[in-house]
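One structure below.
What follows draws every value from the coordinates through simple rules; no lab data is involved. Predicted, not measured: the structure shown is a model, and the values here were computed from it. Cβ atoms come from the backbone with ideal geometry, glycine included; neighbour counts cover every protein chain shown.
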Amino acid sequence: MAAMSALGLATPSQASGGGHDGQEITILDDCHAASFNAIFPGVCVGEGETTFSAFIAELTATRKAAEWRFDPSKLTIRGGRPVILENDGGETHTFTMVKAFGGGFIAPLNQLSGNPVPAGECASTLPSGELAPMPPSPVNVFVAADKEASFQTAGLKPGTYMFECCIHPWMRVVLTVR
Ligand SMILES: [Cu+2]
């Protein structure tokens with residue numbers, strides 16, 4: 001009860017302090033730190049429970065890992081208002097505007113998720129054939145675990161826009177600007 005009343009008091013001051021008037025998308029995953037970090041040191045923090053082997057098994061079977069997702073995956077926003085990106089997961093994710101959904105910059109995840117061709121906004125192909133991430137920009141937002149970032153809709157015409165995570169390309173958002 002004390003926590004609930006504290007939350008009730010905190011909400012208005014946070015709203016006036018932030019003043020963003022935006023809408024939020026929560027970024028989620030369930031990475032199990034010890035098993036992910038054994039393969040890719042430092043990639044995962046936090047209390048997730050899906051082991052790396054279970055993640056790969058689910059991806060292999062279904063072409064996605066369902067707990068790695070944007071919530072909501074469809075959002076309508078008034079032009080000029082920001083999309084607030086709250087990463088509640090244990091890994092870094094990107095929120096990247098793409099012309100068409102495609103793969104990201106991690107080739108094995110592209111293959112396992114059935115997105116063999118990278119989206120041009122996510123990755124470039126080096127002469128060696130390896131993929132390199134595109135640099136962060138206002139339309140290629142990297143959000144580290146436990147961090148918040150925002151995507152600015154100012155300047156976007158009314159319409160429908162597609163976004164994906166360039167690490168986990170099954171993580172997708174359709175954003176309607178009105
Ligand atoms: Cu991701």
For the chain, the longest principal axis of the Cα atoms and the Cα long axis of helix 52-62 enclose an angle in degrees, to the nearest 10, of 80
Once the in-chain neighbours fewer than 8 apart are removed, the lysines whose Cα is under 26 Å from K157 read K74, K99
For the chain, whose charge dipole is built from +1 on Lys and Arg Cβ atoms and -1 on Asp and Glu Cβ atoms, the candidate among A144, N110, W68 with its Cα farthest towards the positive end is N110
GNM on the chain, Cα springs under 10 Å; top mean-square fluctuation among G103, G159, G114 goes to G159
Helix 2-18 sits off the longest principal axis of the Cα atoms of the chain, rounded to the nearest 10 on a 0 to 90 degree scale, by 90
By the mean-Cβ-within-10 Å protection proxy, highest first, 165-178, 121-134 rank as 165-178, 121-134
Magnitude of the Cβ-charge dipole (Lys and Arg +1, Asp and Glu -1) of the chain about the Cα centre, nearest 20 debye, reported as 820
A chain fully extended from D88 to M162 at 0.36 nm per residue, minus the present Cα-Cα distance, gains in nm 24.5 nm
In units of 2.2 N^0.38 Å, the Cα radius of gyration of the range 19-133 is 1.16
